[in-house]
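Some notes on the structure that comes next.
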């Protein structure tokens, strides 16, 4: 391999990156972000306030902080998220005077957001193809008028991004339900919905069970299908500490990820001074895309064999007998699954999987962390349940240092769910709403993100209200999704910066600029704070410090209340009073959502509080009152397709300079890609079989019936990735993911295993 490297052609922007993740590279990148976006005097002060008890919650990832009040948790992507929002660049009405929407659509996603912060509420003028400033009250009145004029409330879709606060999300669901619909497409529909659907079936609750303290006590970490160096960067500090304690970290991932191999902690003086780094993964298994189920079944089959050979001493039989149901059927299925099938589907050998089983059997406390590599598959929900099965075998839920740890992306995607953003509300929650507010909310299940988009394509959805986010860009199948946006009567976007979804204009489109997480939010009773819930179910307060980007901005709760008042003149909700003091919103959350007792008192304690998690005490809120083993038929994770022997499986990935659909810069330095995103990562042998070389231009075609989905003129580059798997950047590669290619149980699109052909591009 090495010798081959020397003969490879030079490809612009592609070069090996040998430094560890984090370290000086991270500091350099942050300095760059600060330099290009902010006044340098303000920047350090702002960054030091991130994740402090009296500061604001990082708008980036959802990984918690130690005690929430330790030294400044330096994290490169968090710093970029802050500078990206606290930029000094502005997009004013004068900018829109000289730029049509059609011309702005020609710009890249990065260029659009890099223009800076929106300063005025805007309305689209079709006659000139431009956005112009509009008065807040006029915007609200017209939005209310259109919503009241729809033939049914179910013709409107209410989308929520993970950037929304608990308070805003709660008002949003309250408004939509009083209006009369449960159409709540949400960003978690595109990532961790399999967790929200699968874990309740297994352990009775759709959330992780570990706390940060558990990482101090764990003896083994299994990391499946995620890249924390990029997507959960604060987690690297935690993994770094575990690695220093010699805790084995076993990684299953098709790509070799630098941060999982070597990481230098910018907080460690010694590592920074000596250019040292800590090896993170003790063992790395490059399984095939879509091989998670087979690999998990292999590890569990090996455990059952070991248990039988070692006189029933490997599994925790007492725990299984006391706390679980369904073990017999689960064990019988594993017996019946052949090693041959497991090896074929996982891309790993029996010896590999035996090795993991031995490590797991040795450990008295194991944590499994997983990300979208597990959930974004046709069988994402079932995959999540297999991870729960593995933990149940040795009683690794409800004891210190052990448990399941889904890695949520956005800072409050979990909180939104907790306070009622769901298209399938429980009868208990609806009853609470009715008792407290005096209106009867709808009971019929509404749309998730894919169903909302399908309704827009079909023309049965007429209005879309987006609380943040970049709806059309986040969804798969851009060709269909983008076109559907323009068929709407009304689209309304709350946001801080311009993005592509705002430009895919409907008959009427409003863009309403909000106060960001880093900014002061002053209402009638003074400075307000909002709350968020992190990946470990900790709820804490967040309040910005910076002067808002413009005098014309309003807070998320104030905008939602403005639209609600204009839409529902006879509303039962005292919208204006709630906006005057967010404590009043929290009092209502406390009255309608369990676990928020004494909400206002508890968020005033630095560090906040933890939501109830019964499984941590070995209480299982399932129908049977036990944790449930599952039966996963066979080993396949993705639907079969024609000509499967020549098919490659495409994984969509994010670059290091990116957070979900937000692209901060054009580099992906850990993977050795600089200044570009138009690349396809391929295994050396897969290139050779197709007569291709590193640096060739290729077209990627999805294997699908009926429609052609194609991405042309992409540069193929040789990379250390499992054979048969290829990877390209999200959202650009979303054009290749059919909208109906989903996990049927949760509705989540299968971005991680799209069947594709790769062919040489025709000469231009």
Looking at the range 186-196, is at least one residue farther than 26 Å from residue 549 by Cα, in a loop (DSSP other than H, G, I, E, B) and within 20 Å of the chain's Cα centre (by Cα)?
yes
Checking the structure you have, find out if any residue of the range 661-679 is assigned to a strand (DSSP E or B), modelled with pLDDT of 85 or more, under 21 Å from residue 13 (Cβ atoms) and in the same structural domain as residue 753 (by TED's automatic domain parsing).
yes
Quick check on the range 274-297: of everything there that is within 24 Å of the chain's Cα centre (by Cα) and modelled with pLDDT under 80, which residue is nearest to residue 385 (Cα to Cα)?
290
Every residue in the range 742-754 that is at pLDDT 65 or above and surrounded by fewer than 24 Cβ atoms within 10 Å (Cβ to Cβ), please.
744
Residue that is farthest from residue 560 (Cα to Cα), among those in the range 158-177 that are touching a helix residue (DSSP H, G or I) at 6+ places or on another chain (Cβ under 8 Å) and at pLDDT below 90:
162
Inside the range 680-692, can you point out the residues that are in a loop (DSSP other than H, G, I, E, B) and surrounded by 16 or more Cβ atoms within 10 Å (Cβ to Cβ)?
683, 690, 692
May I ask you to list the residues in the range 415-428 that are surrounded by fewer than 18 Cβ atoms within 10 Å (Cβ to Cβ) and in a helix (DSSP H, G or I)?
427, 428
Lone qualifier among 383, 364, 412 - being at pLDDT 90 or above and either farther than 30 Å from residue 570 by Cα or assigned by TED's automatic domain parsing to the domain that holds residue 476 (or both)
364
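Consider residue 487 carefully, then state whether it is part of a helix (DSSP H, G or I) and either touching a strand residue (DSSP E or B) at 6+ places or on another chain (Cβ under 8 Å) or at negative phi (or both). Reasoning before the result, please.
Numbers: part of a helix (DSSP H, G or I): no; either touching a strand residue (DSSP E or B) at 6+ places or on another chain (Cβ under 8 Å) or at negative phi (or both): yes.
So residue 487 fails the test.
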Condition test on residue 555, is it within 27 Å of the chain's Cα centre (by Cα) and touching a residue at least 12 places away in the same chain (Cβ under 8 Å)?
yes
From the options 85, 111, residue that is modelled with pLDDT under 95 and outside the structural domain of residue 531 (by TED's automatic domain parsing)
85
Looking at 563, 589, can you tell me which residue is part of a helix (DSSP H, G or I), within 27 Å of the chain's Cα centre (by Cα) and at pLDDT 90 or above?
589
Determine if the range 315-332 includes at least one residue that is touching a residue at least 60 places away in the same chain (Cβ under 8 Å) and closer than 21 Å to residue 285 by Cβ.
no
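The values are calculated or read from the model by the stated rules, or taken from the named source; none is laboratory data. All values reported here derive from a predicted model rather than from experimental measurement. Note that each Cβ is placed from the backbone with ideal geometry, even for glycine, and that neighbours are counted across all protein chains shown.
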